[in-house]
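Peer 1: Dumping the structure here so I can ask a few things about it.
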Amino acid sequence: MSRGESKSVFTSEFGGQFEAERAKWLRRRFLWYTGVVAVWGVITVFATSLYLWFGRPLAPTAHELIVMGLSLVTSALYVAGFLQVYGGRANAREVLSIAYWLIVLAGFLSLITVILTVEFKVGSLSSRSATAGEHWDRGAAWVFVRDGLKGIFVSHVFACFFLPWTPRECYRPLVPLLIAYAIVAGVYFRHSLGIAALVIGTAPLVGVPGAGICWWRHSWFRERFMVRMLRGQYWEMRRELTDARRIHESLFPKPITTGPVRLHYKYEPMLQIGGDYLYARFSPARVLGGVVEPAAFNLVLLDVTGHGIAAALTVNRLYGELERLFGEDPNAPPGEVLRALNRYVHLTLATHSVYATALCIRVDQSRGVLEYASGGHPPAFLRAVDGTIEELSSTAFVLGAATDDDYDPAPVEHRFVIGDTLLAYTDGAIEARNEAGRALGVAGLQGIIAAASKRGVRTGQWIDEILGVVEGHREGPPSDDTIIVEVSRAVPTPEDARRKTDSRDRLAAHPAGVPGGRAG
């Protein structure tokens, strides 16, 4: 993963949690590292002491005592590092700093041990040679190169096996050690500058295996962390989307299956939640001149640009605006509702390139009239009781595209009597494409309605009829949210007549009228 990719993947939230997880991991591994090194050092010093004092007849030499003392100091350093991290609350940066100084100091002690060993062993051997100076220089140099690099290599790789460094972090303690190593090597190879340059130039390669280990471990930890985090985020988002969908769909009206005006619909979001919405409510019924005037039915079908959570949040705002509009004027006509929605979208949402289409409808039962205003919405269809189908085209611009002064809703009235049915939808229905890529289109949907009308489809069955054909035409998953709505003037039944009589009695007892509300 490149640096640019990691920035795009690790958000600030993920980055903070990643560093917290790594700090715990680093602290735990540091304690293991220092504990193992300290115990191993103490055991080694103890075993060496037993051998030097009791395992051979000769007494320990000064060189051996110094080397054993340096080993004790190294073990003491690791014990101190262990206790400092174990007893405190060191953060990741402090743990890295302690590890850095432990390895640097232990490395310097190791180099001193190697130098003392070279001086003792090679110097003793060369003192018996006729060409002592030349032999000492050459022998000491190569022994130092071998033992010095071996010590640095072993201690570095061992540390990299334990500590979850990044490759950059693992090279930091090598820098001062390699500088010290280069200085001593330069002294030993002072009579051969070419060999000195070769030895010093290749010395940094001792850190490559450790860096490789650190790179693999750090990548493995990062990938495992990302998988765990993304899995957790996925399930958390699923739960939140489920809750959001429940709240979002609670804003929708309940179907109306009884009474003179019936409402049936189905909502199929492309994702968990979407940007299509249906609002419905009855205006308050009134008594005029002693005659009960049937309550008018109001319906608004909205389609917001976009999908998913952003569109659903926009729908929530428009729902609040509709509640305000009808709360202030329960008898607001479709033209005024559409104009108010356009003003709201233009002033609050269009600046964010969010627009909407809307179909506003009012069914006046007393006059047998359907009044509508459509802001860029796909044509609805009015299926009369005699089987004729009329298209209700858009009457105004998309919501938010024009200022209030330039917006003319141009409402239209149509006859809407008992037995008539209004069929409306959002563009997910007409944008369904078959395997050849051809969209169903307005004409295709009108053909579906005409064919269903000839088969005598009854009230409440239009939704399933239309959706069945749309889904049969569609190849693959939906590409947009879909709502299909059926509003019908039902033929009265004896039960409806009884309810009408009860309603008339209640209105007579309360001349001020019975307030209306959202459908359902």
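The values are calculated or read from the model by the stated rules, or taken from the named source; none is laboratory data. All figures in this text were calculated on a predicted structure; none of them were measured in a lab. In this analysis, Cβ positions are derived from the backbone assuming ideal geometry, glycine residues included, and neighbour counts consider all displayed protein chains. The area values use the complete protein model at the heavy-atom level, side chains included, leaving out ligands, DNA and RNA. Shrake-Rupley method; radii C 1.70, N 1.55, O 1.52, S 1.80 Å.
Peer 1: Give, as a single signed number, the net charge of other residues whose beta carbon lies under 14 Å from the beta carbon of Val442, with Lys and Arg counted +1 and Asp and Glu -1.
Peer 2: It works out to a net charge of -3.
Peer 1: Also, I was wondering about something else. Please calculate the 1.4 Å probe accessible area of Ile309, with all protein chains present, and give it to the nearest 10 Å².
Peer 2: Only protein atoms counted, so the area is about 90 Å².
Peer 1: Another question about this same structure. To the nearest 20 debye, what charge dipole does the chain have about its Cα centre, counting +1 at the Cβ of each Lys and Arg and -1 at the Cβ of each Asp and Glu?
Peer 2: The calculated dipole for the chain is roughly 2660 debye.
Peer 1: Mind sorting out which of (1) 38; (2) 44; (3) 59 is the real percent of Cα pairs over 35 Å apart computed from the coordinates?
Peer 2: (3)
Peer 1: Ok, one more. Would you compute, from DSSP H runs of 4+ residues alone, the mean residue ellipticity of the chain at 222 nm, taking -39500 (n - 2.57) per run and dividing by the full residue count, rounded to the nearest 500?
Peer 2: About -19500 deg cm²/dmol.
Peer 1: For region 29-56 and region 256-320, compute the distance between their C-alpha centroids and round to whole Å.
Peer 2: 81
Peer 1: Which percent of the Cα-Cα distances in region 328-405 go past 21 Å?
Peer 2: 35
Peer 1: Enumerate lysine pairs in the chain that are 8 or more residues apart or on different chains, then count those whose Cα atoms are under 30 Å apart.
Peer 2: Close lysine pairs under the 30 Å cut-off: 7.
Peer 1: Let me know the charge dipole size of region 390-464 about its Cα centre in debye, to the nearest 20, where only the beta-carbon of Lys, Arg (+1) and Asp, Glu (-1) is charged.
Peer 2: That gives region 390-464 a dipole magnitude of about 700 debye.
Peer 1: Give the range of the longest stretch in the chain that excludes all trypsin sites (Lys or Arg not before Pro) found in loop regions by DSSP and having at most 15 other beta-carbon atoms within 10 Å.
Peer 2: 191-366
Peer 1: Further, regarding this structure: Cα convex hull of region 363-502: mean projected area in nm², to one decimal?
Peer 2: With every direction weighted equally, the projected area is 10.8 nm².
Peer 1: Which one of Gln272, Ala384, Gly259 has its Cα pushed farthest toward the positive end of the charge dipole of the chain, where Lys and Arg give +1 and Asp and Glu give -1 at the Cβ?
Peer 2: Among Gln272, Ala384, Gly259, the one farthest towards the positive end of the dipole of the chain is Gln272.
Peer 1: Further, regarding this structure: Can you check how the C-alpha radius of gyration of region 275-355 compares to 2.2 N^0.38 Å, as a plain ratio?
Peer 2: Cα Rg divided by the expected 2.2 N^0.38 Å: 1.28.
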